[in-house]
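Report on the following structure.
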Amino acid sequence: MNLKDKKIAVLMGGLSGEREVSLRSGTRVFNSLKTQGYNVIAIDLNPKLDLLEALKNENVEVVYIMLHGRFGEDGAIQGLLELYGYPYTGSKVLASALGMNKVASKKVWQACGITTPKYFELDKDSDLHPQIERIRKVFPLPLVVKPVSEGSSLGVSIVRDEKKLDDVITETVRKFKDVFVEEFVAGQEITVGILGKGHDTKALPILELAPKTEFYDFEAKYTAGMTDFILPARLPKPVYERVQGIALEAHRAVGAHGFSRVDMIVTKDHVPFVHEINTIPGMTDRSDLPAEAAHAGISFDQLVVNILESAF
């Protein structure tokens, strides 16, 4: 199939807290496709846009989704495009929803025997006080408080002082509604890109992240000089290969398709813990997936086309 004959729309922006990152990812993908001779337009998904009308008016045939976070990475846009018959890049509805919901994906991985940190899901509709008391008894400090469905580490806190636990949990629930607490796992922060379809799906070189902040948070991800990127990761060869295999298992377990990025912590005893999967990882000039692909000899333009082909 010659995809240069197709009218492609790169969908970017969106309504989540990752809107600005999405615009950067989408613009870079759009520029790459344009330079390579594809018939491509950019669409900024914003509250005033009638997306279906825009797709129809522009005679779009393929949608390249570069949305991050809620409404773009969680199956919502994917379901809409399915309903109206538009081919689109990346994971389908169920895998997108599972990947965006950190608790749901952890349950899938646990069922598949993939190691993930222990957690406690808070019930926002019940009294938080007895839940926090239970957390105090079960989880030693430090512990991690996370929104269930946010990307780019938005809303994530590491609690080291017991006196702050109530306030951090209460404020996070107030702001993000669905929240869970996770055991803190110390070790190397790494991320593994996954690329390809079906039997041709493979793990890319492992990137180690050494942030200058407390952990690899939003600031560390998108501010130049705030993180040291070590590629390939400093892991013994048998551990390195095992981690790549686990990342591939995690990708397949949720049913991800085309591309993803699996984030892990590897302890000093070389035990890998899968934290989360990103089914539409960033494609900015500072993003992890393009860097890993480049290390594997895959140019950014090649990566962009590889992802485009996942729509079919």
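What the table shows:
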| read-out | value |
| --- | --- |
| Index of the failed condition, Gly255 passing every other in (1) small (Gly, Ala, Ser); (2) surrounded by fewer than 21 Cβ atoms within 10 Å (Cβ to Cβ); (3) assigned to a helix (DSSP H, G or I) | (3) |
| All positions within segment 104-115 that are crowded, with 17+ Cβ neighbours inside 10 Å and either touching an Asp or Glu at 6+ places or on another chain (Cβ under 8 Å) or not assigned by TED's automatic domain parsing to the domain that holds Met264 (or both) | Ser105, Ile114 |
| Residues of segment 173-203 that turn out to be assigned to a strand (DSSP E or B) and touching a Lys or Arg at 6+ places or on another chain (Cβ under 9 Å), as a count | 12 |
| All positions within segment 223-280 that are over 24 Å from Glu183 (Cβ atoms) and free of Cβ contacts under 8 Å to residues at least 40 places away in the same chain | Thr223, Gly225, Met226, Asp228, Ile230, Pro236, Lys237, Pro238, Tyr240, Glu241 |
| Residue in segment 4-17 that is charged (D, E, K, R), within 14 Å of the chain's Cα centre (by Cα) and buried (at least 17 other Cβ atoms within 10 Å of the Cβ) present | no |
| Residues satisfying the stated conditions in segment 135-163, i.e. exposed (fewer than 13 other Cβ atoms within 10 Å of the Cβ) and more than 22 Å from Thr115 (Cα to Cα) | Lys137, Arg160, Asp161, Glu162, Lys163 |
| For Glu249: the one exception among (1) of a type outside the set (Val, Ile, Thr); (2) modelled with pLDDT of 95 or more; (3) surrounded by 18 or more Cβ atoms within 10 Å (Cβ to Cβ) | (3) |
| Single match in Gly37, Gly75, Gly69, Gly79 (criterion: modelled with pLDDT under 95 and not assigned by TED's automatic domain parsing to the domain that holds Phe300) | Gly69 |
| Sole exception among (1) touching a Phe, Trp or Tyr at 6+ places or on another chain (Cβ under 9 Å); (2) free of Cβ contacts under 8 Å to residues at least 24 places away in the same chain for Lys34, by number | (1) |
| Residue selected from segment 259-312 under the condition in a loop (DSSP other than H, G, I, E, B), within 18 Å of the chain's Cα centre (by Cα) and among the polar types (S, T, N, Q), by the criterion nearest to His68 (Cα to Cα) | Thr279 |
| Residues of segment 76-126 satisfying the condition of being assigned to a loop (DSSP other than H, G, I, E, B), among the β-branched types (Val, Ile, Thr) and more than 17 Å from Ala9 (Cα to Cα) | Ile114, Thr115, Thr116 |
| Leading residue by the ranking (farthest from Gln244 (Cα to Cα)) among those in segment 288-305 that are touching a residue at least 60 places away in the same chain (Cβ under 8 Å) and crowded, with 20+ Cβ neighbours inside 10 Å | Val304 |
| Residues of segment 50-75 satisfying the condition of being under 25 Å from the mean Cα position of the chain (by Cα), of a type outside the set (D, E, K, R) and either crowded, with 22+ Cβ neighbours inside 10 Å or not in a strand (DSSP E or B) (or both) | Leu51, Val63, Tyr64, Ile65, Met66, Leu67, His68, Gly69, Phe71, Gly72, Gly75 |
| Candidates Glu150, Glu82 - the one that is among the acidic types (Asp, Glu) and over 20 Å from Asn278 (Cβ atoms) | Glu82 |
| Subset of segment 37-49 (residues that are in contact (Cβ under 8 Å) with a residue 12 or more places away in the chain and either among the hydrophobic types (A, V, I, L, M, F, W, C) or surrounded by fewer than 21 Cβ atoms within 10 Å (Cβ to Cβ) (or both)) | Gly37, Asn39, Val40, Ile41, Ala42, Ile43, Asp44, Leu45, Asn46, Pro47 |
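The values are calculated or read from the model by the stated rules, or taken from the named source; none is laboratory data. None of the values given here were measured: they were computed from a predicted structure. Note: ideal-geometry Cβ built from the backbone for every residue, glycine included; neighbour counts use all protein chains shown.
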